[in-house]
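Asker: Below is the structure I would like to discuss, written out as structure tokens.
The values are calculated or read from the model by the stated rules, or taken from the named source; none is laboratory data. All figures in this text were calculated on a predicted structure; none of them were measured in a lab. Please note: Cβ atoms are built from the backbone with ideal geometry, for glycine as well, and neighbour counts cover all protein chains shown.
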Amino acid sequence: MPVMVLAVWGARLFKPGAGTMTYRIRLLETDEGWSVSCLDLPGCHSQGSTRDDALSNIREAISLWLEVEAEEAGVKSVETLELAV
């Protein structure tokens, strides 16, 4: 079966107190299952036997990627806010 590339899907990362961030991901279906990459975070990839598994796994991979990046950069806290003036 050929690889099927699906449209980019928005993955949402939910972290208590940090708000909701949206990341672009790419899902690929092959004979072995689903492969998924976060287009916004270099090297952030995962997979799953089903589409839902792959989406769940990339959410965890994004969370871990951000955690390690923040730790290595010495970041203590990150906040995303909207400010109306």
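Asker: Being basic (K, R), assigned to a helix (DSSP H, G or I) and surrounded by fewer than 17 Cβ atoms within 10 Å (Cβ to Cβ) is the filter here; which residues of the range 29-85 pass it?
Answerer: R51
Asker: So for the range 59-67 (the condition being among the β-branched types (V, I, T), touching a Leu at 6+ places or on another chain (Cβ under 8 Å) and modelled with pLDDT of 90 or more), does at least one residue qualify?
Answerer: Yes, the range 59-67 has at least one match.
Asker: Same structure again: Quick one: R24 ticks every box in (1) charged (D, E, K, R); (2) loosely packed, with under 13 Cβ neighbours inside 10 Å; (3) modelled with pLDDT of 90 or more; (4) part of a strand (DSSP E or B) except a single one, so which number is it?
Answerer: Every listed condition holds for R24 apart from (2).
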